[in-house]
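Have a look at the structure below before the remarks.
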């Protein structure tokens with residue numbers, strides 16, 4: 001009798017143990033289901049924050065902001081949210097209001113370079129647009145420059161060594177009958193000029209487009225003194241654009257052919273042309 005009681009007691013203990021294990025596993029699965037439901041109630045958005053003080057009329061570049069991805073409630077609206085087509089592409093956008101460092105950049109505070117009013121709104125009352133036409137030799141600028149970048153302007157002219165004067169015309173070596181007496185000089189005009197538009201011409205816009213015709217243009221934002229300076233010299237030589245290198249003393253001085261190729265200067269001296 002005792003053996004039977006012990007046997008049945010053992011069965012009951014085993015059954016209770018199995019039932020407890022099953023209930024524990026079922027109970028532990030409930031938080032996972034709750035977490036899954038909680039995750040489905042969230043969505044990710046991108047926001048931008050200013051990494052320094054941004055001023056009105058400034059054109060954004062990567063040094064002025066950072067992007068963050070955050071989670072919000074699925075049905076919530078956040079005024080900081082960037083449109084999907086803009087997330088990660090704020091470079092070149094125009095700042096429409098002053099924005100303090102650390103503040104969120106709300107989409108209404110900036111204007112996309114694709115906007116029809118971008119060029120007009122990017123100019124202050126004392127600023128003007130100036131188009132620099134690009135030749136086939138400058139085609140690389142169409143793919144390397146971006147709106148909002150800064151460029152330097154240089155002027156290339158001819159210097160007549162015989163007459164000790166400067167000929168203010170395009171420096172085309174092949175068109176000059178006295179090219180032995182010509183020296184080509186490049187001088188810096190201005191630095192840190194903002195690019196506000198880049199356009200590549202299409203043949204549909206200009207059916208007469210040929211190898212000598214401009215293939216595009218870079219639109220610059222100039223102050224009145226800068227524009228006046230360019231208007232004085234723009235017909236005197238060939239206007240060149242290069243990415244801005246800041247205040248480089250080597251670029252601020254006049255660059256001559258004899259400095260770049262000193263062996264040519266030695267040949268001229270042997271011929272009696274100094």
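The values are calculated or read from the model by the stated rules, or taken from the named source; none is laboratory data. Every value quoted in this text rests on a predicted model; they were computed, and no experiment measured them. Backbone-built Cβ (ideal geometry, glycine too); neighbour counts: all protein chains shown.
Worth a mention:
- Test result for residue 154, in the same structural domain as residue 239 (by TED's automatic domain parsing) and over 22 Å from residue 201 (Cα atoms): yes
- Answer from 57, 130, 140 - the residue that is under 21 Å from residue 201 (Cβ atoms) and in contact with a helix residue (DSSP H, G or I) (Cβ under 9 Å, 6 or more places away or on another chain): 130
- Residue check, residue 101 over 24 Å from residue 198 (Cα atoms) and at pLDDT 95 or above: yes
- Any hit, the stretch 146-155, residues being farther than 25 Å from residue 242 by Cβ and modelled with pLDDT under 95: no
- Selection count where residues are assigned to a loop (DSSP other than H, G, I, E, B), without any contact (Cβ under 8 Å) to a residue 60 or more places away in the chain and under 19 Å from residue 61 (Cβ atoms), scope the stretch 88-142: 18
- Qualifying residue in the stretch 47-62 (condition: modelled with pLDDT under 95, loosely packed, with under 13 Cβ neighbours inside 10 Å and in the same structural domain as residue 95 (by TED's automatic domain parsing)): yes
- Exclusive hit being surrounded by 18 or more Cβ atoms within 10 Å (Cβ to Cβ), at pLDDT below 90 and outside the structural domain of residue 112 (by TED's automatic domain parsing), set 166, 196, 186: 186
- Number of residues in the stretch 216-252 that are surrounded by 11 or more Cβ atoms within 10 Å (Cβ to Cβ), at pLDDT below 90 and over 20 Å from residue 134 (Cα atoms): the value is 4.
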